[in-house]
Every structure is written in C-alpha cells, then in structure tokens.
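Notes for the one structure printed next.
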Amino acid sequence: MLLRKLYTPLTIVGLLATFAYSEYVVKPHYHDHKIHIVYWEKWTGGEGDAIKQTVNYFNHSQNKIHVDLLTISDIQDKTLLSVAGGDPPDVAGLYGADVAQYADDRAVIDLDPYLRKYGIKKSQYIPVYWKMNNIRGKEYALPSTPASTALFYNRALFKAAGMDPDKPRDWHHGHYTIEEMDKDAARLTKFAPNGQLQIMGFLPAEPGWWEWGWGYFFGGKLWNGSNKITANDAGNIKAYQWIASFSKKYGANNVSAFHSGLGQFSSSQNGFMAGKVAMEIQGVWFYHYIAMYAPNMLANPKTGKQAEWGIAPFPYPADRPDRAGTTFADEDVLVIPRGAKHPNSAFKFIDFMESPKGMDMLCGLQWKMSPLIHNEPGFYRNNRNRTARFFAEQAESKNVINVPRTGIYPEYADALQNAYDAVSLLDQTPKQALDVVQRQIQRQLNEYIQHEKMRLAAEGKSHK
C-alpha cells in the first residue's frame, strides 16, 4: 500500500546505525563479471511477485548488470539506517510521501544529472507523479507504481434499498454532490434490532488512509508551499464539520464501534466487500483486491452477470463546483541512496524501469495504471484491472491532491489524525481541533526551516 509515514529521522537513526545495521546487511561474493546492484523493495505477495518478474526480465535482457532484489520490511527506517551506516543499497523502493524528508536529510541523491543524460523529461509523465518528487527544483525520485482515488459503490446494496445503483455515475456530468451522497448514504444506512449500526452508506473513516486530506475536497489547503501552515482555514474547518456530522447523526460511540468491528482490508471481511459499507473512497488497487477476496462481485461476461459494484469520481460540495474531480494521488518511488556503491549502474536499471516496457510490465502485473502519458500499445486494453484507465484519467484532474512536500509531513499527518479523532468523538469542535494543529505544526515548520537554513548556510547554499 501507499501513503505510509516515516517514523525515524536521520539525525536519530544515525546514533543507532552502528549496531542495528549489521542485523540485515549481507555481502555476497560474485564471480560472473557483472556489476551487481542491490535493490531493496518493500512489496510482498502479488506486488512482490510483480517486481520479481520485472527484475528478472531486466537481468536477462543484458549481460552487464545484475539486480539483486531483496524484500525489506520497515524499508523507510532501514534505508535511513543504511545511509547513516555508510553501506546503503544501490536502489530503494520507497513511498512518495517520504521523498521530501529523505531529500532534506541528504539520504538520497539528486537525480537531475542522470535525467539529463538519459533524456528523461517531465513531459513523459502525468504531471502529479513528476511534481511529487520535485523538492526545491530538483528531482530526487522517479515513480514506480502510481495511484489515484475515486468513489466505489456497492450496486447490490443500492438495489436492496430500492435505489438506482448507477446514480453516482451522474457525477460524471456534474450532477452528484457531497450533499446528495450524504442523502443517499442515509437511505443506505441500516440498524440492527439492538440499535447498533449494521450497514453504513458512507463513512469518512473507512478505510482511514486520507484523514489528512479531506479539507481539499471543500476548498481547503494545508500550507502555502513554503513557510505558512493553513490547517485551520475555512475549507478545512468545513470538511471537519462534515466529518463531525456523521457522529452527530448516528452517535459518536456507535460510529466508532461500527468502524472498529469491520474486518481487515486484505480479506473478504473488508467493510466494502462484506456489504457493510455501501460507498467508500478507494484507489486503483481496489479492483485487484475485489478480484482476490470477493470475485462474486465481478461481472461475468459469459453469464451476463453485471458487476455488483461501480466507480465514479468522488463528489464535491454543492457550493464548490470548482472542486469537481478532486482525487488523492500517491506513488511508490525509486531512489538512489546517498553512498550507493554503483549509482551509474543503478540508474541504468531505473532507466529501464521508467521506460514504457519496464513501467507497463510492473504496473500491469500489479493491476495498476501507469504514471507515463504514453504507454506500450494495448497497455490499458490488456490490463486485467478494468478500472486502470479511469484512474489514470483521475490523476490528470486539475484538482489532484498529494501530500505536502515538506520534511515535517509525518508530524503534520499525525497531528491531523489526532484532530480527526477528536472531532469524530465530538471531544472538540473542528475549529478547536484545527487551531491546535495550526499552532503545533507552524511552530515545527518554523524550526524546520531555520534548521534547514543553517545547514544550507554551512554548505554554502541558500534556502528557497
């Protein structure tokens, strides 16, 4: 999955590196006269199988470089540990949300010289997937697999409630708002005889990965892009009022109990797949999970069975039609850690991964869309994920959202999660909760900027 948090800054893990690093470093000896580059990746399961097949293709496509792929848990912290310990991998597959902190901590190298040498350009990518890796004008990572989000809806639950199961598709024509979705959600919500929630039409906390960003749907922003936090602006407050409305309507404890009772995401007991949540914001990967854990929900062309679910762009507030097409975007990325033994050979591998051949192979095997604008012929036509093209189009929206590109994003996300919880439990008003975030994170940003200025001054550079 995407959208994780970085827990340990380089300044702390460096103290631990001398004794923690030896736990996972292995130095094999090779006699095949090839340059062996070490590639750490976080994926397991089907996603892990996809990168193995892609790496194997590269290894057999030429005879000068061999990529040694290692699956690494807690890859954020261990990559930082390896840099601090002076023996990092040559390539690391990290999370896009963490690039700013890695760049500011000097844990990854600037890729611009390689981009110029290999002719890799911004114009080759869906804009957001290039922009996310650009920190103060330099590109520190390149995408591996991308994601965007949309509204998934359970057609069977709509029918059971006597509703048109395809109504959310009206949003494509500008006719579906958050207010209309809320009305539909209320009709879809069902209670058990004991008064507990049995089915919820929609729940902002499910699956619970984007609490930091709901304000954008209502016209809010999290910062000005440089030195000012805007956690408590009017759009963010309105979003948190919307979040609080679910607890006020159904009871904070009742909503909390319902949410905690939902099954694991990667299982047939997933709230959406188990028929307990009728509408849910989800990403491009969700089609694959439905195919794995709820294949009965898929269409069957042989029998004429229609799919029991549908997708539509997420709705917008009635008074903010300018927010139509708002979608979260994120990506997994490839970086070259500072101190890598074979950076030139590492980038030759990355260049393959960024080519239509390499990108389409990996993204296709992971049932995802591509971050590239131009793909190999038939990529979307042959993609097993029938929603892949739709999500690629979502990512090109003018209202695409990605995490703030600042090194304090992990702390900001934690603070917004705390505010979300306080508002959901009705312990604080939206303004109270966001005022706390505003003060806390502005103070941290000020300190972070000052520290960065001091470091750049010591290096003879200026902060922009």
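Take the residues in the stretch 170-181 that are surrounded by fewer than 17 Cβ atoms within 10 Å (Cβ to Cβ) and assigned to a helix (DSSP H, G or I); name whichever of them is modelled with the lowest pLDDT.
Going through the stretch 170-181, the residues surrounded by fewer than 17 Cβ atoms within 10 Å (Cβ to Cβ) turn out to be 170, 172-175, 179-180.
Restricting the remaining residues to those that are assigned to a helix (DSSP H, G or I) gives 170, 172-173, 179-180.
Values: ASP170: 63, HIS172: 57, HIS173: 62, GLU179: 96, GLU180: 93.
Only one residue fits best here, namely HIS172.
Against the test of being within 25 Å of the chain's Cα centre (by Cα) and at pLDDT below 95, the options GLY208, GLY220 yield a single qualifying residue, GLY208. Taking the conditions (1) at pLDDT below 95; (2) crowded, with 18+ Cβ neighbours inside 10 Å; (3) within 29 Å of ILE72 (Cα to Cα) in turn, ARG106 satisfies each one other than (2). Does LEU416 meet the test of being of a type in the set (A, V, I, L, M, F, W, C) and surrounded by fewer than 19 Cβ atoms within 10 Å (Cβ to Cβ)? The answer is no for LEU416.
If you go through the stretch 421-447 and keep only what is of a type in the set (A, V, I, L, M) and outside any helix (DSSP H, G or I), you end up with LEU425, LEU426.
Each row is one residue, and each column tells you yes or no for (1) in a loop (DSSP other than H, G, I, E, B); (2) under 20 Å from GLY96 (Cβ atoms); (3) at pLDDT 95 or above; (4) among the charged types (D, E, K, R).
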position	(1), (2), (3), (4)
PHE328	no, yes, yes, no
LEU334	no, yes, yes, no
ALA340	yes, yes, yes, no
PHE347	no, yes, yes, no
ASP351	no, yes, yes, yes
LEU362	no, yes, yes, no
TRP367	yes, yes, yes, no
HIS374	yes, no, yes, no
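Condition check ((1) under 18 Å from ALA388 (Cα atoms); (2) crowded, with 22+ Cβ neighbours inside 10 Å) across all residues:
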position	(1), (2)
SER267	no, no
PRO317	no, no
THR326	yes, yes
ASN344	no, no
LYS357	yes, no
CYS363	yes, yes
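Somewhere in the stretch 15-28, is a residue modelled with pLDDT of 95 or more, over 26 Å from the mean Cα position of the chain (by Cα), surrounded by 12 or more Cβ atoms within 10 Å (Cβ to Cβ) and outside any loop (DSSP other than H, G, I, E, B)? No: zero hits.
The rows are residues; the columns are (1) touching a residue at least 24 places away in the same chain (Cβ under 8 Å); (2) touching a helix residue (DSSP H, G or I) at 6+ places or on another chain (Cβ under 9 Å).
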| residue | (1), (2) |
| --- | --- |
| PHE314 | yes, yes |
| ASP322 | yes, no |
| PRO337 | yes, yes |
| MET353 | yes, yes |
| PRO356 | no, yes |
| GLN366 | yes, yes |
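Taken over the stretch 215-229, the residue count meeting the criterion of being outside any loop (DSSP other than H, G, I, E, B), crowded, with 22+ Cβ neighbours inside 10 Å and among the hydrophobic types (A, V, I, L, M, F, W, C) is 2.
If you take the residues in the stretch 294-317 that are farther than 22 Å from GLN282 by Cα and outside any strand (DSSP E or B), which one is modelled with the highest pLDDT?
As a first pass, look at the stretch 294-317 and keep what is farther than 22 Å from GLN282 by Cα: 300-305.
Of the ones still in play, those that are also outside any strand (DSSP E or B) are 301-304.
Working: PRO301: 86, LYS302: 86, THR303: 90, GLY304: 87.
Only one residue tops the list, namely THR303.
From the residues in the stretch 274-313 that are over 23 Å from GLU180 (Cβ atoms) and charged (D, E, K, R), which one is surrounded by the fewest Cβ atoms within 10 Å (Cβ to Cβ)? The extreme case among them is LYS302.
One residue stands out in the stretch 376-394 among those that are within 22 Å of the chain's Cα centre (by Cα) and either not assigned by TED's automatic domain parsing to the domain that holds GLN101 or not in a helix (DSSP H, G or I) (or both): the one that is surrounded by the fewest Cβ atoms within 10 Å (Cβ to Cβ), namely ARG384. Restricting attention to the stretch 418-439, the residues that are closer than 14 Å to VAL255 by Cα and touching a residue at least 60 places away in the same chain (Cβ under 8 Å) add up to 5.
The values are calculated or read from the model by the stated rules, or taken from the named source; none is laboratory data. This is a predicted model, so every value here is computed, not measured. With ideal geometry, Cβ positions are generated from the backbone for all residues, glycine too; neighbour counts draw on all protein chains shown.
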